[in-house]
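What follows is a short report on a single structure.
What follows draws every value from the coordinates through simple rules; no lab data is involved. Remember, predicted model here, so these are calculated numbers, not experimental data. Positions of Cβ are backbone-derived with ideal geometry, glycine not excepted, and every protein chain shown enters the neighbour counts.
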Amino acid sequence: MKKLTIGAMALAAALALTMSGCSARSDTSSTEAGAGFDADSSIGIALPDKTSENWVLAGELFTDGLTEAGFTPDVQYAPASNTVAEQQNQITSMITNGAKVIVIGAKDGAQLAAQVETARDAGITVIAYDRLILNTDAVDYYISFDPYAVGVLQGEALLEGLAATYPDKSTYNVELFSGSPDDNNSGVFFNGAMSVLQPKIDDGTLVVVSGETELAQTATQGWLAQNAQSRMDTLLAGYYQSTDLDGVLSPNDTLARAILESVRSAGKDLPILTGQDSEVESVKSIVAGEQYMTVYKDTRALVAAVIDMVSELQAGNEISEINDTETYDNGVKVVPSYLLAPVAVTKDNAAEVYAENPSLAPLTE
Ligand code: BGC
């Protein structure tokens, strides 16, 4: 079982002690057929912010797709300031306004238990979208590109890029970045990447010159570009005045571009650099041979999966979208999940991977 959160680790340990021989708990009851609801019901979509293109696109796709399916979408973004409280308020008003399903891209996955429990008590189905909601049994489903797999792809690509670019080196100087501590995905991405990188740090192949290898040391508050850029500035000034920087683990594209900016300003050679999301500017940068890789998580597929689930709930059908009942433990239960597979993208396969995406394919020509 993958180690995903501290709660998950504790629960896994407890389960191992008390249920040795048993596999992880799964909540089968919530995949049973329900009573259904009116076909034009309100469906709440609570999204965190617009720090990445994927969230902007998701809002548009939910509005259009739910409307087309006959539902009444109520799409809200948490504003930049007072975000957690505002998202809590938005969810509460979705409940009051009679939503039948609430889909949540959590701003802070640890701060929504009270709201989703109120939703559950009102008979509303709660779907955690992209980011897991922690420490409550009131989350019915989790739909996401597998975030642990994202981290594994980033770690593998970093190693491959270093070996391919510096065939004469046997050790590489690298730095590690992670996302915002309030986003549960940040730790999951990082753990996935470290499952690949830690053995190479241990055997000396990778040298983290700053010594900053803990999640908290590598965090980027709010997923904000300026925070990653200023940490990179500090690392370069403190450790790389006369040392090469060969690679950087960046958890997403927005932060990767901020890191590139910092390296450029310092006049250093560009490192092998990872990312995630396939944002337009990063895809251009990959094609231009700057950013080394990104991860493709086709938001269209993720939103479509959620809308399919909403339609099944509406019809009172059994939910067919669950493909994992063992991995994503939120500290209270293993949340039945529908996990899509992320895809690693470098200059070599960009044209092929984006061939079916009209906004990205032209960038690879
Ligand atoms: C999402 C990423 C995104 C990041 C910042 C994460 O939870 O999974 O796709 O880059 O949030 O918005």
Net charge of neighbours whose Cβ lies under 11 Å from the Cβ of ASN357, counting Lys and Arg as +1 and Asp and Glu as -1: -1
For LYS169, give me every one of the lysines with a C-alpha distance below 16 angstrom, ignoring sequence neighbours fewer than eight places off in its own chain. LYS200
Kindly state, to the nearest 0.05, the FRET efficiency for GLN198 paired with ASN97, given R0 = 45 Å and r defined as their beta-carbon distance. 0.45
Would you tally the net charge around THR83, using a Cβ to Cβ cut-off of less than 12 Å, leaving THR83 out, and scoring K and R as +1, D and E as -1? -3
Can you tell me, using C-alpha contacts under 8 Å and at least 6 residues apart, the relative contact order of the chain as a whole percent? 22
Would you mind working out the magnitude of the charge dipole of the chain relative to its Cα centre, with +1 at each Lys and Arg C-beta and -1 at each Asp and Glu C-beta, to the nearest 20 Debye? 700
Under 20 Å from the GLN241 label point (7 Å along Cα→beta-carbon), backbone N, the range 250-271: 262-269
What is the packing order of peptides 54-67, 350-363, taking the mean over residues of other C-beta atoms within 10 Å and listing the highest first? 54-67, 350-363
Using a basic spin-label model with each label point 7 Å from the Cα along Cα→Cβ, how many nm lie between THR67 and ASN323? 3.0
Using only Cα atoms, what is the ratio of the radius of gyration of the range 147-296 to 2.2 N^0.38 Å? 0.92
So how do 112-125, 80-93 stack up, highest first, on mean other-Cβ count within 10 Å? 112-125, 80-93
Give me the percent of DSSP beta bridges within the chain that run antiparallel, rounded to the nearest 5. 15
Please list, or write none, the lysines whose alpha carbon is within less than 19 Å of the alpha carbon of LYS347, excluding same-chain residues fewer than 8 places away. LYS284, LYS297
For the chain, projected area of the alpha-carbon convex hull averaged over all directions, nm²: 18.6
On the principal axes of its Cα set, how long, how wide and how thick is the range 76-164? Give whole Å, largest value first. 56, 28, 19
